[in-house]
1. Taking 25 Å as R0, compute the FRET efficiency from the Cβ-Cβ separation of Glu105 and Gln75 and round it to 0.05.
2. Select from Thr150, Val200, Gly163 the residue farthest towards the positive end of the dipole of the stretch 138-205; place +1 on Cβ of Lys and Arg, -1 on Cβ of Asp and Glu, and compute about the Cα centre.
3. Tell me which trypsin sites (Lys or Arg not before Pro) from the stretch 77-116 have a DSSP coil assignment and no more than 10 other beta carbons within 10 Å of their own.
4. Highest first, please rank the peptides 44-55, 192-203 by the mean number of other Cβ atoms sitting within 10 Å of their residues.
5. By counting other Cβ atoms within 10 Å of each Cβ, how are Cys73, Cys43 ranked from fewest to most?
6. Could you run the Karplus curve 6.51 cos²θ - 1.76 cosθ + 1.60 with θ = phi - 60° over the stretch 158-172 and give me ³J(HN,Hα) per residue in whole Hz, x for Gly and Pro?
7. Among the listed pairs Lys104/Lys128; Lys104/Lys181; Lys128/Lys190, which have their C-alpha atoms separated by more than 18 angstrom in this model?
8. Counting other beta carbons within 10 Å of each residue's own, what order do Tyr188, Tyr89 fall into, fewest first?
Amino acid sequence: MVKILLADDHPLIRTGLRSTLEQEADLVVVGEATDGAETQQLCQELVPDILLLDLGMPGPPATITVNSILDLCPQVKIIMLTAYDDEVYVRNLVGLGVSGYVLKEEAPETLIRAIRVALEGDTWFSRKVIDILARPFTEHSEIEDEDHLTEREREVLFLMAKGFPNNKIAETLSVAEGTIKNHVVNIYYKLDLHSRAEAVAWAWEHEISRQTLNIQITKERFRKCYAASALFLLYLSCDIAIYF
């Protein structure tokens, strides 16, 4: 069973959420919190799989609550469930590492999907949230392909399709992990997607992986040939030095 903790200071909201969630055979609500301090306490006591966290509860700011829970209970997947789509809140909370940001205007089935995506280790954002996160990255001079992805975004999408997590993609492309997260959000925005699973499916459907794989193989062969040539030249230089 998937254990879920509800954190919202409105009783009617909690009742409605409990009713919606428990229609799913494998989801069970194990507790309810009404403020930030109680949320932290119940997370430690109940060790839920999912925390549905409202942004405007009494007590510590949501950012402090999220930080504390991620430190004390790193296994808990936090999904923000709120009516607030303010840019500052969105960027701060996504930057902290929440597993989802779902607006309360979404349909119940969207919340269920977000929960299941989070359980798989992925993230889920409402479309408005993706739009907010993508704003700084939509104005650039880098050349885009017909699908509106830049070459770097296609490289990131290729590595996502190969199953690389963000930290491995960053290592492979020699950039910061935060830069990769920005590219992932931009990919979601441009392709009208909501999750990593959807992005991977899109990549395979459009043969992004196969196209980029050919490029990667060519680059790898070049590197190997270059390395072999360098070793050969080093051998010749040593041989000549010994002769003289």
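1. Taking R0 as 25 Å, the efficiency between Glu105 and Gln75 is 0.30.
2. Gly163
3. Loop-located and lightly packed - none at all.
4. Per-residue mean Cβ counts within 10 Å order the peptides as 44-55, 192-203.
5. By the 10 Å Cβ count, ascending, the order reads Cys73, Cys43.
6. Each residue of the stretch 158-172 in turn: 4, 5, 4, 5, 7, x, 6, x, 4, 5, 6, 5, 4, 5, 5 Hz.
7. Lys104/Lys181
8. Ordered by Cβ neighbours within 10 Å, fewest first: Tyr89, Tyr188.
Here, each number is a calculation from the coordinates, and none is a lab measurement. Predicted model, so just to flag it, every value in this text is computed and none were measured. No Cβ is skipped: glycine too gets one built from the backbone with ideal geometry, and neighbour counts run over all protein chains shown.
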